[in-house]
Amino acid sequence: MKYLFSILLLGLLFLNSCAVKNNTLNKFENITENGQVKTGQIISKAFVKKGGVIKESEDLYLRLSVQDYFIKFCESEVNIEEIKPYIQKENEIKNVTLEIQIIDGEWDNCNVPGYFQSRTGSYVVIKRIIN
């Protein structure tokens, strides 16, 4: 009897899982030939040197859900002047849609001759501003 009940319960679960519809509209990322289309916020953060020393200059980051990506302008196809209107101010949310590439590498090295220490990790290259 337990065996029959277990098979019946398993069959009902199987039929129920087949009947569930997935109503997700934008299930897959929008990918173009140059990169991905993402919506996020451009935020400014103080530049922190090794040892926790904060410099007066600031860096721009693209905030995508829970992660902030450094924006590397020397590899981007837009300049800082084009992105300035989209920088988020304190206590406001400004969304911007961009075509980007996420790359893992050196943030500060822009093919400048000579060796210098660079921050490393994932960063964003902006291909174009969509809105």
Pairs, first under 15 Å from residue 95 (Cα atoms) in the range 58-73, second surrounded by 17 or more Cβ atoms within 10 Å (Cβ to Cβ) and of a type in the set (Lys, Arg), C-beta under 7 Å, six or more apart: 64/38
Residue satisfying condition, being surrounded by 15 or more Cβ atoms within 10 Å (Cβ to Cβ) and modelled with pLDDT of 75 or more, within set 87, 7, 31: 87
Leading residue by the ranking (nearest to residue 48 (Cα to Cα)) among those in the range 71-103 that are charged (D, E, K, R) and in contact with a Phe, Trp or Tyr (Cβ under 8 Å, 6 or more places away or on another chain): 72
Any hit, the range 100-108, residues being surrounded by 11 or more Cβ atoms within 10 Å (Cβ to Cβ), charged (D, E, K, R) and modelled with pLDDT under 95: yes
The listed residue being more than 13 Å from the chain's Cα centre (by Cα), within 22 Å of residue 121 (Cα to Cα) and modelled with pLDDT of 95 or more, out of 48, 78: 78
Which listed residue is out of contact with any His (no Cβ under 8 Å at 6 or more places or on another chain) and part of a loop (DSSP other than H, G, I, E, B), from 59, 108, 104: 108
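The values are calculated or read from the model by the stated rules, or taken from the named source; none is laboratory data. Nothing here was measured: the structure is a model prediction, and the numbers come from that model. Because the Cβ atoms are built from the backbone with ideal geometry, glycine has one as well, and the counts that use them run over all protein chains shown.
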